[in-house]
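Everything on this sheet refers to the single structure shown next.
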């Protein structure tokens, strides 16, 4: 039981009084209540708060810490006076967190830190000018960052300043006046149809990765969509598969099920007989692995309220990785006599788009639906060879005008 405190007016031997431990105005009071000490204080808005401590000193210490934190918060710039760095970090924690996938959030965090640490980080958002953003962007390029990296950071800055305009802190988004740097040309690899057939023939006997290679180089899926496929999504008799989710690597968690990159990928996809055969082989191999593993087999996952039994797992039932699939593509390409330099999982997507557009003349909208693109402009960017389309186009206009 704490000792009962003395009153503030204390008599002295000469008959006068002194005030003991008087607090400054606004600091509240310190007292005992039900066996513990309490301290009160008033915040900048005039609201009274109470803190508790086992001793008087502990209660006072907690009150002083709360008062200091409230004072610091009241001094922090808000509105147009808020530094770009502070707003960017606030945006990351309160806006971006609920809008993007967890894997994307990791990249967004790195971009926000580039903004905060850069020349514009300490500038109040109300004083930020387009010239400052342009100079900062140029400085990133001169420091060795690639055009795409700089463009990605600028995109995040625009989103941060869009929030500032929405909140009424600034009238316009000055970052929208600064264009992205010109991107470097993409030279992603695509296989010829003959080489793609050789690759698929070589991969057909691979019980673990063969069907994954098939979905990449026949259906043109993203590798994350391939690895997120569950057996309940596949109908081998009908020759269809439904894309509902993806599997991605998250730092500290490993391979994890999550949403697809774009909504365009979600839906029913037709499977070729070659891919169906590969999936049947995959199912038989996985059943044998599961039987051997017994109780050590990794339990099925729960995603979006549904149980998922992944198609692509190792001998213990763990999800396969993107790197494992990429190595399998290179390994089977080399075994088939194909130069594997620059060939990765996305090479399947480019191969499918190029073959359908350049050789078969399929409409870009139909190809976009086949590979799961939300925009045909994106699909067009995957074309690596126009085939005889220019000749056929010229011949068509010649027939019409002759």
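Structure above, values below:
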item	result
Among 291-301, 222-232, the order from most to least packed when residues are scored by Cβ within 10 Å on average	222-232, 291-301
Span from the segment 186-225 Cα centroid across to the segment 156-170 one, whole angstrom	43 Å
FRET E, pair residue 250, residue 314, Förster distance 22 Å, beta-carbon r, rounded to 0.05	0.75
Label-point gap, in nm, between residue 167 and residue 268 - each point 7 angstrom along Cα→Cβ	4.7 nm
Mean ellipticity per residue at 222 nm, deg cm²/dmol - from DSSP H runs of n ≥ 4 across the chain, formula -39500 (n - 2.57)	-13500 deg cm²/dmol
Inter-probe distance in nm under a simple model that places probes 7 Å from Cα toward Cβ, at residue 231 and residue 366	3.5 nm
Cα centroid of segment 268-329 to Cα centroid of segment 363-391, whole Å	30 Å
Modelled FRET efficiency - R0 60 Å, residue 129 with residue 302, Cβ distances, 0.05 increments	0.75
Label zone at residue 143 (point 7 Å along Cα-to-Cβ), backbone N below 12 Å, segment 101-127	111-121
Relative packing of peptides 384-393, 329-338 - highest average C-beta neighbours within 10 Å first	329-338, 384-393
Ordering of 34-40, 251-257, 200-206 by packing [mean C-beta count within 10 Å, highest first]	200-206, 34-40, 251-257
Projected area, mean over directions - segment 260-342, Cα convex hull, nm²	7.8 nm²
Estimated distance in nm for a label pair at residue 93 and residue 189, the labels positioned 7 Å out from Cα along Cα-to-Cβ	4.5 nm
Spread of Cα-to-Cα distances over 5 Å intervals beginning at zero, given as percent, for segment 246-402	1, 7, 11, 15, 18, 17, 12, 7, 5, 3, 2, 1, 1, 0, 0, 0
Cut-off 16 Å (backbone N to label point 7 Å along Cα→Cβ of residue 155), residues of segment 89-103	96-97, 99-103
Potential extension, residue 65-residue 238 segment - 0.36 nm per residue separation minus Cα distance	55.6 nm
Over segment 94-209, volume per residue of the alpha carbon convex hull, in Å³	164 Å³
Rounded D (µm²/s) - the chain, Kirkwood Rh over Cα pairs, Stokes-Einstein at 25 °C, 0.890 mPa s	92 µm²/s
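Since every read-out is calculated from the coordinates, none of them should be taken as a lab result. All values derive from a computational prediction rather than experimental measurement. With ideal geometry, Cβ positions are generated from the backbone for all residues, glycine too; neighbour counts draw on all protein chains shown.
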